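Worksheet for the structure shown next.
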Amino acid sequence: MKNKKFKIKALFSDSRYVLLLSLILLSLAVLYKTVKFNTTVEKKIKLTLSQQSEAIKDLHDERKTVLTKVFFVDEVDFPLSSHAFTHVHLKSLSSYQFKDNFFVDLETNLKVIKEGVYEFTVCSDDGFSLIMGDKVVIESTGPREMQCSTANIAFPVTGTYPLRIQYFQGLGLMGLKATYKNEKDKRVYIVGEDSPFMTYSLPN
């Protein structure tokens, strides 16, 4: 037993083994962070964050942008949070200091595979506007706690349509999620998620 303790002590006194152990631990830490926090997603939606110099009271307030960052995401799914605007797959975007008084502009192309009526739902804290082509389909432009708004959109023919979602965060809690479903199907999909009815891609 004493010999084993001596060997272990001698092992840790050798700088080569200490360095090797440190490298192993560092590699494991990097691997854990990579697995836990995914940093790459399929690029389907262009997301522009715009920090404002003044408080935002309404989605249509005049913009006074002091900082802009562009990201690419796969789905419109930003869970309710009190400290950072967070994507469900990209995790926190708070390293860019977007916490209060910022706008979010989301742009994507929606390809309708099967014509019909679709129910779109947007849940947000604070205000938002969902725009199909040049038409505002549904919006709630003022501050609000997390609430959901729904509208039906008829697509009489298949084809590609530009879809935009504008959102703003004032103060406090923040979050945004958009979903859709076909009138003949019970399953609900997140906007950006491909389905037998619709697919999504970056705008040209």
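Throughout, read-outs are computed from the coordinates displayed, never taken from laboratory work. The model shown is predicted, which means the values in this text are computed figures rather than measured ones. Quick reminder, even Gly has a Cβ in these numbers, built from the backbone with ideal geometry, and neighbours come from all protein chains shown.
Kindly establish whether TYR167 is surrounded by 14 or more Cβ atoms within 10 Å (Cβ to Cβ), under 19 Å from the mean Cα position of the chain (by Cα) and not aliphatic (A, V, I, L, M). Spell out how you get there, then give the answer.
On the way: surrounded by 14 or more Cβ atoms within 10 Å (Cβ to Cβ): yes; under 19 Å from the mean Cα position of the chain (by Cα): yes; not aliphatic (A, V, I, L, M): yes.
When the stated conditions are applied, TYR167 passes them.
Here are some conditions: (1) under 16 Å from the mean Cα position of the chain (by Cα); (2) closer than 24 Å to PRO203 by Cα; (3) touching a residue at least 60 places away in the same chain (Cβ under 8 Å); (4) assigned to a strand (DSSP E or B). LEU80 meets all but one. Which one does it not meet?
Condition (2) is where LEU80 drops out.
Can you find a residue that is surrounded by fewer than 17 Cβ atoms within 10 Å (Cβ to Cβ), assigned to a strand (DSSP E or B), free of Cβ contacts under 8 Å to residues at least 24 places away in the same chain and of a type in the set (Lys, Arg) anywhere in the stretch 183-190? Working first, answer last.
The initial filter retains those residues of the stretch 183-190 that are surrounded by fewer than 17 Cβ atoms within 10 Å (Cβ to Cβ), namely 183-188, 190.
When the remaining residues are screened for being assigned to a strand (DSSP E or B), the result is 190.
Retained after the next criterion (residues that are free of Cβ contacts under 8 Å to residues at least 24 places away in the same chain): none.
No, every residue in the stretch 183-190 fails to be surrounded by fewer than 17 Cβ atoms within 10 Å (Cβ to Cβ), assigned to a strand (DSSP E or B), free of Cβ contacts under 8 Å to residues at least 24 places away in the same chain and of a type in the set (Lys, Arg).
Name the residues in the stretch 42-61 that are more than 19 Å from LYS99 (Cα to Cα), touching a strand residue (DSSP E or B) at 6+ places or on another chain (Cβ under 6 Å) and assigned to a loop (DSSP other than H, G, I, E, B), would you?
LYS43, LYS44
Do we find that ASN204 is part of a strand (DSSP E or B), among the polar types (S, T, N, Q) and either touching a Gly at 6+ places or on another chain (Cβ under 7 Å) or over 30 Å from GLU54 (Cβ atoms) (or both) in this structure? Reasoning before the result, please.
Details: part of a strand (DSSP E or B): no; among the polar types (S, T, N, Q): yes; either touching a Gly at 6+ places or on another chain (Cβ under 7 Å) or over 30 Å from GLU54 (Cβ atoms) (or both): yes.
No.
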